Amino acid sequence: MENFRYEELKWPEVGEAALRDPVVVLPVGTMEQHGPHLPLMVDYIIPHRIANDVAELLTPDVIVMPPVVYSFNEHHLDFPGTIAINMYTIIDYVAQIGFSLAHHGFRHIVLLNGHGSNVPVLDLAMRRINNESAAISVLANYWALVRDEDLPWTRESHGVAHHAEEDETSLMLYLCPHLVDMSKAVRTVDEVQRSEHIWGAWPANTRIHFQEFFSRNTSTGIQGDPTVATAEKGEILYKAAVKRTAEFLQEFRAREIRPQRDFHPKPQG
């Protein structure tokens, strides 16, 4: 099997890999509190593991970058452990990674996101890569790739933004059970303000975007119900995410990069 981990390649191998035009996946998460029962690493370890497993399936058509582990999450700073980075720094940092990859000849770059509040900053980073380099880039949230029919249970929203709840806890029980303390998992729904219009990251069709300081609505750092999480649910959810991500990467790799055209009228003479 060819090596798909970017950081393990030698520089001649990088040049050879670029000639194959693989999809380069940059997992992006964050380092933040996930309640008293989950570790700080949740949002970067999940997309990183997904990316690696997809790359094993699709080698040599996928290369995986080391994950971005710090990002934009000031709204969690009231809980110890969170590392927050200025939004403008993250936009520029991720865009610069994309520019470097484009400079080396890579043309299809996927930002595989594991943190809800990364969405606006990664959207802008993605647009900068597209506008300021020869590559094309896309933002993919792993949770949005999973479809309702992939799961034999209902991903209940409760009308609250989800965090450290059933899905994330189930995924961690499957991926890193030694880091999960279910004795400290508590249902934190009733103290969170509900809304018929403001939903969290899990529902892919949310229409209204809103995020305030987490400490205003939860004393545990949890929003949702992790007590119903199981490793079995985590395995189903994880394998669905790997399957759907692989399908998308294959489609994106085949996307033609057409020449940019300028339709401004040209002066005569």
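The values are calculated or read from the model by the stated rules, or taken from the named source; none is laboratory data. Worth saying up front: this structure is predicted, and the values here are computed from it rather than measured. Note: ideal-geometry Cβ built from the backbone for every residue, glycine included; neighbour counts use all protein chains shown. Just so you know, the surface numbers come from the protein's heavy atoms only, side chains and all, with ligands and any DNA or RNA stripped out. Shrake-Rupley method; radii C 1.70, N 1.55, O 1.52, S 1.80 Å.
Go through the residues of the stretch 214-234 one by one and say whether even a single one is within 19 Å of ASN113 (Cβ to Cβ) and polar (S, T, N, Q).
Scanning the stretch 214-234 turns up at least one residue that is within 19 Å of ASN113 (Cβ to Cβ) and polar (S, T, N, Q).
Being at pLDDT below 90 and either among the acidic types (Asp, Glu) or under 13 Å from ILE46 (Cα atoms) (or both): is that true of ASP167 here?
Values: at pLDDT below 90: no; either among the acidic types (Asp, Glu) or under 13 Å from ILE46 (Cα atoms) (or both): yes.
Spelling it out, it is not the case that ASP167 is at pLDDT below 90 and either among the acidic types (Asp, Glu) or under 13 Å from ILE46 (Cα atoms) (or both).
Only one residue in HIS178, HIS158 is modelled with pLDDT under 95, within 22 Å of GLN33 (Cα to Cα) and open to solvent by 30 Å² or more (accessible area, probe 1.4 Å). Which one?
The unique qualifying residue is HIS158.
Return the only residue of ASN113, ASN141, ASN130 being within 26 Å of ASP21 (Cα to Cα), free of Cβ contacts under 8 Å to residues at least 12 places away in the same chain, touching a strand residue (DSSP E or B) at 6+ places or on another chain (Cβ under 6 Å) and not hydroxyl-bearing (Ser, Thr, Tyr).
Numbers: ASN113 fails: free of Cβ contacts under 8 Å to residues at least 12 places away in the same chain; ASN141 fails: free of Cβ contacts under 8 Å to residues at least 12 places away in the same chain.
Going through ASN113, ASN141, ASN130 in turn, just one is within 26 Å of ASP21 (Cα to Cα), free of Cβ contacts under 8 Å to residues at least 12 places away in the same chain, touching a strand residue (DSSP E or B) at 6+ places or on another chain (Cβ under 6 Å) and not hydroxyl-bearing (Ser, Thr, Tyr): ASN130.
Exactly one of these conditions fails for THR89: (1) in a helix (DSSP H, G or I); (2) touching a strand residue (DSSP E or B) at 6+ places or on another chain (Cβ under 9 Å). Give me its number.
So THR89 meets the others, but not (2).
Pull out all pairs, ordered by first then second residue, where Cβ-Cβ is under 6 Å, the residues are six or more apart or on different chains, the first lies in the stretch 80-101 and is over 30 Å from GLY35 (Cβ atoms), and the second is open to solvent by 50 Å² or more (accessible area, probe 1.4 Å) and at pLDDT 95 or above.
ALA95/ARG128
Just to be sure before I move on: is VAL25 within 16 Å of GLY98 (Cβ to Cβ), touching a residue at least 40 places away in the same chain (Cβ under 8 Å) and surrounded by 18 or more Cβ atoms within 10 Å (Cβ to Cβ) in the structure I sent? Give the derivation first.
Numbers: within 16 Å of GLY98 (Cβ to Cβ): yes; touching a residue at least 40 places away in the same chain (Cβ under 8 Å): yes; surrounded by 18 or more Cβ atoms within 10 Å (Cβ to Cβ): yes.
Yes.
State which residue is nearest to MET41 (Cα to Cα) when the search covers only the stretch 181-214 and only residues that are of a type outside the set (A, V, I, L, M, F, W, C), modelled with pLDDT of 90 or more and in a loop (DSSP other than H, G, I, E, B). Spell out how you get there, then give the answer.
Taking the stretch 181-214 first, the residues of a type outside the set (A, V, I, L, M, F, W, C) are 181, 183-184, 187-188, 190-191, 193-197, 200, 203, 205-207, 209, 211-212.
With the extra rule that they be modelled with pLDDT of 90 or more, the set shrinks to 181, 183-184, 187.
From what's left, in a loop (DSSP other than H, G, I, E, B): 181, 187.
Working: ASP181: 14, ARG187: 21 Å.
Checking each candidate, the answer is ASP181.
Do you know which of the residues in the stretch 57-74 that are of a type in the set (A, V, I, L, M) and under 15 Å from GLU8 (Cα atoms) is surrounded by the fewest Cβ atoms within 10 Å (Cβ to Cβ)? Don't jump to the end; show me each part of the working.
Filtering the stretch 57-74 for residues of a type in the set (A, V, I, L, M) gives 57-58, 62-65, 68-69.
From what's left, under 15 Å from GLU8 (Cα atoms): 62-65.
Working: VAL62: 24, ILE63: 25, VAL64: 26, MET65: 21.
By that ranking, first place goes to MET65.
Condition first: in a loop (DSSP other than H, G, I, E, B) and open to solvent by less than 30 Å² (accessible area, probe 1.4 Å). Now tell me which residues in the stretch 215-265 satisfy that. I'd like the intermediate steps shown before the answer.
So in the stretch 215-265, the residues in a loop (DSSP other than H, G, I, E, B) come out as 217-222, 225, 229-230, 254-265.
Of everything in the stretch 215-265, those that are in a loop (DSSP other than H, G, I, E, B) and open to solvent by less than 30 Å² (accessible area, probe 1.4 Å) turn out to be ASN217, THR218, GLY221, ILE222, ASP225, ALA229.
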